Amino acid sequence: MTTPNDFQSRTGRIEVDEVEIRRNIDKVGEGLRAKDLDALRQLYTPDVVSFDVEPPLQHVGIAAKLENWAKVFLFFESVTYEVRDLTFTVGHDVAFGHAFARLSGTLKNGTTTSGMWVRVTYGMRKIDDTWLIAHDQVSVPFDISSGKGVVDLEP
């Protein structure tokens, strides 16, 4: 039988977990700004599956995910990663969330780019008391009539 204290305890734990999850998403931005692949590695499960905006359809494993971030560092002199409207639903050891995100900054050739807003979905797992990204999916809406991505939308 569940008591009111059990409910309050679990509700408090969910709030603490959500704060930790949000902090980890903030750390993605920090790792990108610092161009620190080791810091980013600490935020993902070893078997992370990423459905990123560039081919192939899926990137499996931490090495593949870090390779995507390393490509960003090849093109950008300075990187900014902005997340808006982040929402999570948190369970005991899994959580899922969604947000809008934008990667922008200054390219190696000196050009400043405002980037584009994308939709991102996160699947999180709690492993050894630490919340890690086990899945992410990044997408842009597309225009059915032209078959092209629509990259000028803003949240």
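The values are calculated or read from the model by the stated rules, or taken from the named source; none is laboratory data. What you are looking at is a predicted structure, and each value in this text was computed from that prediction instead of being measured. We place every Cβ from the backbone using ideal geometry, glycine too, and count neighbours over all the protein chains shown. Only protein heavy atoms, including side chains, enter the accessible area calculation; ligands, DNA and RNA are left aside. Shrake-Rupley method; radii C 1.70, N 1.55, O 1.52, S 1.80 Å.
Which of (1) part of a loop (DSSP other than H, G, I, E, B); (2) over 28 Å from Gly12 (Cβ atoms); (3) touching a residue at least 12 places away in the same chain (Cβ under 8 Å) does His92 not meet, given it meets every other one?
In the conditions (1) part of a loop (DSSP other than H, G, I, E, B); (2) over 28 Å from Gly12 (Cβ atoms); (3) touching a residue at least 12 places away in the same chain (Cβ under 8 Å), His92 misses (2) alone.
Kindly evaluate Ala101 against the criterion of being part of a strand (DSSP E or B) and within 12 Å of Val28 (Cβ to Cβ).
Taking the combined requirement at face value, the residue satisfies it.
Considering each residue of segment 98-112, count those that are more than 10 Å from the chain's Cα centre (by Cα) and either open to solvent by less than 60 Å² (accessible area, probe 1.4 Å) or of a type in the set (Gly, Ala, Ser) (or both), and give that number.
The number of residues fulfilling the criteria is 7.
Can you pull out the residues in segment 14-25 that are among the charged types (D, E, K, R) and either outside any helix (DSSP H, G or I) or touching a residue at least 40 places away in the same chain (Cβ under 8 Å) (or both)?
Across segment 14-25, the qualifying residues are Asp17, Glu18, Glu20, Arg22.
Any idea which residue in segment 53-77 is surrounded by the fewest Cβ atoms within 10 Å (Cβ to Cβ), counting only those that are touching a Ser or Thr at 6+ places or on another chain (Cβ under 9 Å) and more than 26 Å from Asp129 (Cα to Cα)?
Selected residue: Gln58.
Consider segment 118-133. How many of its residues are open to solvent by 70 Å² or more (accessible area, probe 1.4 Å), within 23 Å of Ile14 (Cα to Cα) and outside any loop (DSSP other than H, G, I, E, B)?
Count: 1.
Quick one: which residue in Thr80, Thr45, Thr87 is β-branched (Val, Ile, Thr), touching a strand residue (DSSP E or B) at 6+ places or on another chain (Cβ under 8 Å), surrounded by fewer than 12 Cβ atoms within 10 Å (Cβ to Cβ) and not in a loop (DSSP other than H, G, I, E, B)?
Thr87
Regarding Gly115, is this residue outside any strand (DSSP E or B), open to solvent by less than 60 Å² (accessible area, probe 1.4 Å) and within 17 Å of Trp69 (Cβ to Cβ)?
yes
If I filter segment 60-69 for residues that are under 18 Å from Tyr122 (Cβ atoms) and out of contact with any strand residue (DSSP E or B) (no Cβ under 9 Å at 6 or more places or on another chain), do I get at least one hit?
yes
For segment 134-155, check the following and say yes or no: at least one residue is open to solvent by less than 50 Å² (accessible area, probe 1.4 Å), among the hydrophobic types (A, V, I, L, M, F, W, C), in contact with a Leu (Cβ under 8 Å, 6 or more places away or on another chain) and assigned to a strand (DSSP E or B).
no
Does any residue in segment 109-121 that is on the phi < 0 side of the Ramachandran plot come within less than 7 Å, Cβ to Cβ, of a residue that is crowded, with 16+ Cβ neighbours inside 10 Å and among the small types (Gly, Ala, Ser) six or more places away or on a different chain, and which pairs are these?
Going by the 7 Å Cβ cut-off, the qualifying pairs are Thr113/Ser104; Thr113/Gly105; Ser114/Ser104; Val118/Ala101; Val120/Ala99; Val120/Ala101.
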